[in-house]
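Every number in this text was worked out from the coordinates using simple rules, so none of it is lab data. Everything quoted here is computed from the prediction, not taken from an experiment. Cβ placement follows ideal geometry from the backbone for every residue including glycine, while neighbour counts extend to all protein chains displayed.
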Amino acid sequence: MTEHSLWRFSRALHRAINERQVDDLAAQIDDNVEWAVFGPIDMFPFLGARHGKAAVLDVCRQIADNIRVHRFERESMMLGEDTGASMMRYSLTALDSNRPISLRLAQFARFSNGLLVSMRVVVDTFDLVEQALGRQIHLPKIA
């Protein structure tokens, strides 16, 4: 049995972010990849939609400029032949403030011929924004 594409991509992504080693990541991504990380783009400009390998590698460099991944755990995972979906929890450090951040997200990946062709990530943004601001956000009560 061969290794699932998601495992190779995941290792390469973490090396690209923590060690700025993007060559292995580039080898895992299709030239026409569709990439979207849904979250507050005004606070985190490296979130949002990207198209193409160069744009995805650029956004991974931007992420590496802003955070360091310390630990991650997969809470749940589903693998198909050319797909992978997982719920993840990350322990990060924001490099500008040295502030620890705990982040929860869901990711949905699709592969073709072993290359990433589509990535969708949904981030628990409310918790992320509170941690980035360093304070709770108080919302008005809805009747």
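Would you tally the net charge around Ala64, using a Cβ to Cβ cut-off of less than 12 Å, leaving Ala64 out, and scoring K and R as +1, D and E as -1? Surrounding charge for Ala64 is +1. When the Cα positions of His14, Ile29, Cys60 are compared along the charge dipole of the range 1-75, His14 comes out farthest toward the positive end, with charges on each C-beta of Lys, Arg, Asp and Glu. Distance between the pseudo-spin-label points of Glu19 and Met87 (7 Å out from Cα toward the beta carbon): 3.1 nm. Ranking Thr83, Ile41, Leu103 by how far each Cα lies toward the positive end of the dipole of the chain (charges on Cβ) leaves Leu103 at the top. Once the Cα atoms are used to define both axes, helix 53-66 deviates from the longest principal axis of the chain by about 40 degrees. Only alpha carbons enter this Debye calculation for the chain, each as an equal point scatterer, and the log10 of I(q)/I(0) it gives at q = 0.12, 0.17 Å⁻¹ is -0.49, -0.97. One compactness figure for the range 69-125 is 1.31, namely its Cα radius of gyration divided by 2.2 N^0.38 Å.
For the range 1-78, rounded, prolate or oblate, judged on the Cα gyration tensor with a ≥ b ≥ c (square roots of eigenvalues), a/c < 1.5 rounded, else prolate if a/b > b/c?
On the way: a/c = 1.44, a/b = 1.25, b/c = 1.15.
It comes out rounded by the Cα gyration axes.
Near Leu116, the amide H atoms lying under 5 Å from its own belong to Ile29, Asp30; only residues 5 or more places off or on other chains count, and H is placed 1.01 Å from N. The overall shape of the range 14-54 is oblate: from the C-alpha gyration tensor, with semi-axes ordered a ≥ b ≥ c, the ratio a/c is 1.5 or greater and a/b is no larger than b/c. Each other residue within a Cβ distance under 10 Å of Tyr90 adds +1 if Lys or Arg and -1 if Asp or Glu, for a net charge of +2.
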